[in-house]
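> Structure incoming, see below.
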Amino acid sequence: MSEYTAPLRDMQFVLNELGLLDQVSQLPGCEDVSADLADAILAEAGKFAQGVLSPLNVSGDREGARWVDGEVHTAKGWHKAYQQFVEGGWNALSCDPEHGGQGLPRLVSALVEEMWNAANVSFGLCPMLTRGAIEAVELRGSDYLKETYLPKMISGEWTGTMNLTEPQAGSDLASVRSRAEPQGDGTYRVFGQKIFITYGEHDLTDNIVHLVLARVPGAPEGVKGISLFVVPKFMVEVDGSLGARNDVRCVSIEHKLGIHASPTAVLSFGDKGGATGWLVGEENRGLEYMFIMMNAARFSVGIEGIGLSDRAYQRALAYARDRVQGTEVGAGSRDKVAILRHPDVRRMLLSMKSRTEAMRALACLVATAMDTAHSHDNAETRKASQAFVDLMIPVVKGWSTENAIDIASLGVQIHGGMGFIEETGAAQHLRDARITTIYEGTTGIQAADLIGRKIARDKGHAIGLVIEQMRAVAQRLVDDHSLHAIGRTLGQGIVALEQAVGFIVDNYDAHVAKVSVGSVPFLELFGTVAGGWQLAQSALVAQARLKEGTSEQDFYRAKLLTARFYADHILARANGLAHSVIQGGDAALEMDDEQF
């Protein structure tokens with residue numbers, strides 16, 4: 001069974017040749033982030049992913065996490081790997097130096113995260129949740145909370161969680177019933193039960209910092225009455241040492257389709273008088289603050305999708321090279337060949353490869369905008385960059401994870417019957433990927449956010465600016481005879497996207513249900529065209545390198561052919577998706593409930 005190998009050359013291409021690292025290195029505080037430094041970080045991360053995390057992926061899946069009398073035991077090798085992770089400084093990579101972080105740009109850390117998720121997504125979930133908790137405390141926590149928790153969380157010595165949903169609530173956070181009673185000394189007593197808490201209990205660290213949504217007495221109904229609290233597993237003494245166990249316990253862990261080595265906990269707060277918690281920010285603004293974590297997590301889940309896609313592709317490619325079966329179509333020889341020579345296998349592999357590269361480039365573009373929104377010295381530039389990030393996060397999350405499921409499924413298909421056998425490893429990627437479209441908001445929730453808050457609310461202004469950038473790139477390809485076919489298909493995709501945007505803007509207020517039927521197809525349409533935009537830029541770079549003369553002829557020619565395949569097989573679907581957005585609402589809404 002093959003181990004993961006980090007796609008360093010492809011990552012370098014996105015960073016350096018698409019010009020993203022140049023943009024980031026000009027930001028205040030990022031001047032020292034050179035290509036050499038980024039390459040060194042990625043190389044070391046690749047070694048850790050391949051040498052430490054990847055070998056634990058299958059064994060962790062088979063052993064899983066175990067719950068025994070309220071305690072959770074992670075799989076063999078997990079604790080040692082996590083300690084190596086912390087000692088290597090990986091948890092602190094892009095965190096604020098004020099509290100011990102390394103302050104590296106999100107652009108670089110996003111690619112490092114991709115490696116963790118490709119090598120071992122169950123492991124990567126733990127630091128992902130901690131990062132979201134760090135951001136919430138950094139932006140809205142009191143000085144006490146920052147000083148008490150951030151240094152240990154940033155180092156990775158303590159981990160963090162998000163405690164949102166409850167058995168009766170699901171994705172409807174307005175139904176949260178957990179309560180928090182003020183004690184008059186700045187603390188609260190927290191009561192309630194939370195479900196689906198990733199790494200809510202484990203044995204990797206001495207303490208776990210839970211961020212918990214709950215209601216204070218007299219709070220308004222619905223989402224406007226939710227507050228956010230820090231509730232540690234163990235109390236922290238004045239000198240920073242750990243004190244008594246807080247009143248929070250794990251009552252079970254879920255038995256899941258995939259990500260078996262990641263403990264998904266049911267947590268009970270306040271069974272013995274109330275768990276001690278500290279308010280984050282102001283009362284009744286908890287959901288607003290939690291969205292800080294959720295947006296960070298949504299982007300990171302999109303990165304999970306990219307990592308899983310690349311890993312599934314690598315495994316399928318290795319199998320296709322090794323598996324000898326059948327003769328080559330049209331070759332005139334009766335010799336048996338590797339299945340890589342079969343046309344349909346090549347189609348499936350290029351579908352996997354092209355979408356993975358498109359997703360990676362798009363996510364890195366969004367990460368660059370995150371860095372710009374955070375660090376640029378011009379307020380208008382920061383505002384415009386944040387608007388782009390807000391627009392694109394549902395796409396990175398929803399489109400990348402939906403692709404991941406399909407790409408992992410293609411990986412099983414390429415293996416044939418052996419793909420359905422667990423020993424080949426292909427099935428695990430499909431099982432692990434299946435959750436990514438569900439947690440941190442399902443694809444439907446991402447799509448509803450996209451068409452409502454991000455497009456209809458601003459009358460398509462933000463997406464219109466993106467479309468202008470897309471059209472400029474498409475024109476450059478159309479003007480180049482050798483790239484004309486890619487540019488023409490991208491142009492057609494842009495027209496389809498623009499028509500769908502116009503339909504949403506014109507009809508959302510009056511016919512919201514009809515427009516909403518097409519929300520997920522629209523998200524797929526936007527992601528598909530945005531991915532084509534990025535691969536078109538890759539094609540322009542590759543064409544220029546080939547004209548200049550380069551020792552990497554095969555690499556750049558592969559970039560060109562990958563972009564052409566994407567245009568012909570993926571981007572060509574844009575018109576059909578736009579049709580579904582514009583015409584697809586009536587039948588779904590006119591169907592009587594009894595007719596389903």
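The values are calculated or read from the model by the stated rules, or taken from the named source; none is laboratory data. On a predicted model such as this, the values are computed, not experimentally measured, just so you know. With ideal geometry, Cβ positions are generated from the backbone for all residues, glycine too; neighbour counts draw on all protein chains shown.
> Anything in the range 546-559 that is in contact (Cβ under 8 Å) with a residue 60 or more places away in the chain and in contact with a helix residue (DSSP H, G or I) (Cβ under 6 Å, 6 or more places away or on another chain)? List them, or say none. Working first, answer last.
Step one: filter the range 546-559 for residues in contact (Cβ under 8 Å) with a residue 60 or more places away in the chain, giving 555, 559.
Once the filter is applied, which keeps residues that are in contact (Cβ under 8 Å) with a residue 60 or more places away in the chain and in contact with a helix residue (DSSP H, G or I) (Cβ under 6 Å, 6 or more places away or on another chain), the range 546-559 yields only LYS559.
> So, one more: So which residues in the range 141-173 are of a type outside the set (S, T, N, Q), under 24 Å from the mean Cα position of the chain (by Cα) and under 20 Å from ARG106 (Cα atoms), if there are any at all?
LEU150, MET153, ILE154, GLY156, GLY160
> For the range 56-78, does any single residue satisfy the condition of being on the phi > 0 side of the Ramachandran plot, over 20 Å from the mean Cα position of the chain (by Cα) and among the charged types (D, E, K, R)? Before you say what the answer is, go through the steps one by one.
First pass over the range 56-78, keeping only residues on the phi > 0 side of the Ramachandran plot: 64, 69-70, 77.
Imposing the further condition that a residue be over 20 Å from the mean Cα position of the chain (by Cα) reduces the set to 64, 69-70, 77.
Right, trim to among the charged types (D, E, K, R) and you get 69.
Yes.
> Another question, if that's okay. Report yes if LEU525 is free of Cβ contacts under 8 Å to residues at least 60 places away in the same chain, under 23 Å from ILE306 (Cα atoms) and among the aliphatic types (A, V, I, L, M), otherwise no. Explain how you work it out, then say what you get.
Details: free of Cβ contacts under 8 Å to residues at least 60 places away in the same chain: yes; under 23 Å from ILE306 (Cα atoms): yes; among the aliphatic types (A, V, I, L, M): yes.
When the stated conditions are applied, LEU525 passes them.
> Tell me, which residue of the range 385-443 that is assigned to a helix (DSSP H, G or I) and acidic (Asp, Glu) is farthest from the chain's Cα centre (by Cα)?
First pass over the range 385-443, keeping only residues assigned to a helix (DSSP H, G or I): 385-420, 422-424, 426-437, 443.
Now drop any that are not acidic (Asp, Glu), which leaves 390, 402, 406, 422-423, 432.
Working: ASP390: 14, GLU402: 11, ASP406: 16, GLU422: 25, GLU423: 27, ASP432: 13 Å.
Within the range 385-443, the match that is farthest from the chain's Cα centre (by Cα) is GLU423.
> Same structure again: In the list LEU279, LEU267, which residue meets the criterion of being in contact with a Lys or Arg (Cβ under 8 Å, 6 or more places away or on another chain), more than 30 Å from THR356 (Cβ to Cβ) and in contact (Cβ under 8 Å) with a residue 60 or more places away in the chain?
Numbers: LEU279 fails: in contact with a Lys or Arg (Cβ under 8 Å, 6 or more places away or on another chain).
Answer to the check: LEU267.
> Would you point out which residue out of ARG62, ARG9 is touching a His at 6+ places or on another chain (Cβ under 9 Å), assigned to a helix (DSSP H, G or I) and not assigned by TED's automatic domain parsing to the domain that holds ILE253? Spell out how you get there, then give the answer.
Working: ARG9 fails: touching a His at 6+ places or on another chain (Cβ under 9 Å).
When all the criteria are applied, what remains is ARG62.
> Being part of a loop (DSSP other than H, G, I, E, B) and of a type outside the set (S, T, N, Q) is the requirement here; does VAL24 meet it?
Values: part of a loop (DSSP other than H, G, I, E, B): no; of a type outside the set (S, T, N, Q): yes.
Considered against the rule, which asks whether it is part of a loop (DSSP other than H, G, I, E, B) and of a type outside the set (S, T, N, Q), VAL24 comes out as no.
> Something else about it: Conditions first: (1) surrounded by fewer than 18 Cβ atoms within 10 Å (Cβ to Cβ); (2) at pLDDT 95 or above. GLY60 passes all but one, so which condition is the exception?
GLY60 satisfies every listed condition except (1).
> Hey, can you tell me all the residues within the range 212-246 that are in a loop (DSSP other than H, G, I, E, B), free of Cβ contacts under 8 Å to residues at least 40 places away in the same chain and surrounded by fewer than 19 Cβ atoms within 10 Å (Cβ to Cβ)?
Restricting attention to the range 212-246, the residues satisfying the condition of being in a loop (DSSP other than H, G, I, E, B) are 216-221, 226, 233, 237-241, 246.
Adding the requirement that they be free of Cβ contacts under 8 Å to residues at least 40 places away in the same chain leaves 217-218, 233, 237-239, 241, 246.
Correct list: PRO217, GLY218, GLU237, VAL238, ASP239, SER241.
> If you go through the range 282-308, how many residues are free of Cβ contacts under 8 Å to residues at least 60 places away in the same chain and either buried (at least 20 other Cβ atoms within 10 Å of the Cβ) or part of a helix (DSSP H, G or I) (or both)?
2
> Select from the range 150-190 the residues that are hydrophobic (A, V, I, L, M, F, W, C) and in a loop (DSSP other than H, G, I, E, B) and list them in ascending order.
Once the filter is applied, which keeps residues that are hydrophobic (A, V, I, L, M, F, W, C) and in a loop (DSSP other than H, G, I, E, B), the range 150-190 yields LEU164, ALA169, VAL176.
> Select from the range 251-294 the residues that are farther than 24 Å from GLU135 by Cα and charged (D, E, K, R) and list them in ascending order.
Residues of the range 251-294 that are farther than 24 Å from GLU135 by Cα, as a first pass: 251-261, 268, 270-274.
Listed by number, the residues that qualify are GLU254, LYS256, ASP271, LYS272.
> Output the qualifying pairs, or none if there are none: Cβ atoms under 7 angstrom, residues six or more apart or on different chains, first residue in the range 413-426 and closer than 20 Å to PRO343 by Cβ and without any contact (Cβ under 8 Å) to a residue 24 or more places away in the chain, second residue in a helix (DSSP H, G or I) and of a type in the set (Asp, Glu).
Close Cβ pairs (under 7 Å, with a partner that is in a helix (DSSP H, G or I) and of a type in the set (Asp, Glu)) do not exist here.
> In the list ALA180, ALA136, which residue meets the criterion of being among the aliphatic types (A, V, I, L, M), in the same structural domain as LEU257 (by TED's automatic domain parsing) and farther than 23 Å from ALA261 by Cβ? Reasoning before the result, please.
On the way: ALA136 fails: in the same structural domain as LEU257 (by TED's automatic domain parsing).
So the residue among ALA180, ALA136 that is among the aliphatic types (A, V, I, L, M), in the same structural domain as LEU257 (by TED's automatic domain parsing) and farther than 23 Å from ALA261 by Cβ is ALA180.
> In addition: Inspect the range 178-189 for any residue being out of contact with any strand residue (DSSP E or B) (no Cβ under 8 Å at 6 or more places or on another chain) and more than 30 Å from SER252 (Cβ to Cβ) and give the result as yes or no. Lay out the reasoning, then the answer.
Taking the range 178-189 and keeping what is out of contact with any strand residue (DSSP E or B) (no Cβ under 8 Å at 6 or more places or on another chain), we get 184-185.
With more than 30 Å from SER252 (Cβ to Cβ) added as a condition, the list becomes 184-185.
Checked against the condition, which is being out of contact with any strand residue (DSSP E or B) (no Cβ under 8 Å at 6 or more places or on another chain) and more than 30 Å from SER252 (Cβ to Cβ), the range 178-189 yields at least one hit.
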